[in-house]
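Inspection log for the structure reproduced underneath, given as structure tokens.
The values are calculated or read from the model by the stated rules, or taken from the named source; none is laboratory data. Remember, it's a predicted structure, so these values are computed and weren't measured experimentally. Cβ atoms come from the backbone with ideal geometry, glycine included; neighbour counts cover every protein chain shown. Surface accessibility is based on the protein's heavy atoms, side chains included, excluding ligands, DNA and RNA. Shrake-Rupley method; radii C 1.70, N 1.55, O 1.52, S 1.80 Å.
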Amino acid sequence: DGGITQSPKYLFRKEGQNVTLSCEQNLNHDAMYWYRQDPGQGLRLIYYSQIVNDFQKGDIAEGYSVSREKKESFPLTVTSAQKNPTAFYLCASSIDTGAYNEQFFGPGTRLTVL
Amino acid sequence: AQTVTQSQPEMSVQEAETVTLSCTYDTSESDYYLFWYKQPPSRQMILVIRQEAYKQQNATENRFSVNFQKAAKSFSLKISDSQLGDAAMYFCAYRSAFKGGSEKLVFGKGMKLTVNP
């Protein structure tokens, strides 16, 4: 089955630690995205990548980093510089960044900072 | 910057009845796309329906249809014959058609729909 997988489903982190969220897709999509969702809020874009070895900051990139070494993978690292990292993180992909193209979402990772 | 507003945080509907979810947006652009996404308890976002701003005809997908009023910047979602499986958070979203802006979906805060049996 084609789709997007995110792991782990739940993640706990101590303050001051970096943590990496995994996102993999087998849809052969060029574009991938990371969104953050807070309670009572819509999704906000953290980073996106249009192609391998390229990525751009979204609206709330501070305290986050990404890499795109393979087409299928777009991991997100939440660094200790992120002031309030507890949130639900959603990864998405699309054929490209053209506006018409549907963004397909993964099941998400719930990150909690202890 | 574009903004999307969903003014009703919660709604409820009886099974088999019709419900309309409202959404307004603000933009200075003339070409864009609008979307309704559903987020069930599993929390995976699912596209329900999309509308191209240059099309006057309202989009329809089975029991889901939209009322797109471009001049009023309004984009409501109508769910007909509501089913228990329609219970979810619903998000309205905007996406610019212009390069340099089309990579991002701008979301409203969402609305929780409850379907009563």
### Task
Just one of (1) touching a residue at least 60 places away in the same chain (Cβ under 8 Å); (2) of a type outside the set (S, T, N, Q); (3) surrounded by fewer than 18 Cβ atoms within 10 Å (Cβ to Cβ); (4) out of contact with any Leu (no Cβ under 9 Å at 6 or more places or on another chain) trips up residue B:108, so point out which.
(3)
### Task
Go through the range B:46-62 and count every residue that is open to solvent by less than 50 Å² (accessible area, probe 1.4 Å) and outside any loop (DSSP other than H, G, I, E, B).
5
### Task
Find the strands (runs of 3 or more DSSP E) located wholly in the range B:1-45 whose residues include 1 or more that are modelled with pLDDT under 95 and within 11 Å of another protein chain (Cβ to nearest Cβ), and list them.
B:3-5, B:32-39
### Query
Mind checking which residues of the range B:63-105 are open to solvent by 30 Å² or more (accessible area, probe 1.4 Å), outside any strand (DSSP E or B) and away from chain A (no Cβ under 14 Å)?
B:63, B:70, B:71, B:72, B:73, B:80, B:81, B:83, B:84, B:85, B:87
### Query
If we keep just the residues of the range A:78-91 that are among the hydroxyl-bearing types (Ser, Thr, Tyr) and in contact with a Leu (Cβ under 8 Å, 6 or more places away or on another chain), which is farthest from the other protein chains (Cβ to nearest Cβ)?
A:86
### Task
Tell me, yes or no, whether the range A:72-80 has at least one residue that is open to solvent by 50 Å² or more (accessible area, probe 1.4 Å) and over 27 Å from residue B:89 (Cα atoms).
yes
### Summary
All-but-one check, residue A:40 against (1) under 24 Å from residue B:109 (Cα atoms); (2) more than 12 Å from every other protein chain (Cβ to nearest Cβ); (3) open to solvent by 40 Å² or more (accessible area, probe 1.4 Å); (4) of a type in the set (Gly, Ala, Ser), failing number (2)
### Query
Taking the stated definitions as given, is residue A:57 away from chain B (no Cβ under 13 Å) and out of contact with any Cys (no Cβ under 6 Å at 6 or more places or on another chain)?
no
